[in-house]
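Undergrad: Before I ask anything, let me first share the structure, which is written out below as structure tokens.
The values are calculated or read from the model by the stated rules, or taken from the named source; none is laboratory data. Please read all numbers here as calculations on a predicted model, not as lab measurements. Note: ideal-geometry Cβ built from the backbone for every residue, glycine included; neighbour counts use all protein chains shown.
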Amino acid sequence: MFSQYHGRLGGGMRNIGEATTLAYAEFHSITAMVDDRAGRRQGVERGIKVTGTLETLCGGGRDKIIEVAEAAAVVDLLSDHEAYLPCDGAGFFEWARCEGLLG
């Protein structure tokens, strides 16, 4: 499964994490947490339930596990460590609201 995902995502030294995550999720019939668009598309095409980091943070907010300010700090921390996200911490609440992820 890993080889199939890795090949579909371009092979080489890129996308190893996404390929591993998707193969593991498919093998174990669990949800994959993948932010990369190409990886998400491949997972969905193969019938895997896929979620992303920001969606998970929003779920934590809806379930009162994490405050919006704390979630925004996590978004900034991830961005500081080179995660490519559609917003920064300051724009997280607005992004989540526009995506309909706050319930």
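Undergrad: Give Ala19, Ala73 a once-over and let me know the one that is in a helix (DSSP H, G or I), modelled with pLDDT of 95 or more and surrounded by 18 or more Cβ atoms within 10 Å (Cβ to Cβ).
TA: On the way: Ala73 fails: surrounded by 18 or more Cβ atoms within 10 Å (Cβ to Cβ).
Of the residues listed, the single one that is in a helix (DSSP H, G or I), modelled with pLDDT of 95 or more and surrounded by 18 or more Cβ atoms within 10 Å (Cβ to Cβ) is Ala19.
Undergrad: Next question, about the same structure. If you check every pair at least six apart or on different chains, which have Cβ atoms under 7 Å apart with a residue in the stretch 48-61 that is without any contact (Cβ under 8 Å) to a residue 40 or more places away in the chain first and a residue that is in a strand (DSSP E or B) second?
TA: Close Cβ pairs (under 7 Å, with a partner that is in a strand (DSSP E or B)) amount to Ile48/Ala32; Val50/Ala32; Thr51/Met33; Gly52/Met33; Thr53/Met33; Thr56/Met33.
Undergrad: Of all residues in the stretch 77-103, which are farther than 18 Å from Val34 by Cβ and surrounded by fewer than 16 Cβ atoms within 10 Å (Cβ to Cβ)?
TA: Within the stretch 77-103, Leu77, Asp80, Asp88, Ala90, Gly91, Glu94, Arg97, Cys98, Gly100, Leu102, Gly103 meet the criteria.
Undergrad: Next up: Determine which member of the set Thr51, Thr31 is under 18 Å from Leu102 (Cα atoms) and modelled with pLDDT of 95 or more.
TA: Going through Thr51, Thr31 in turn, the sole match is Thr51.
Undergrad: In this structure, is Glu99 under 30 Å from Gly7 (Cβ atoms), of a type outside the set (Ser, Thr, Tyr) and at pLDDT below 95?
TA: no
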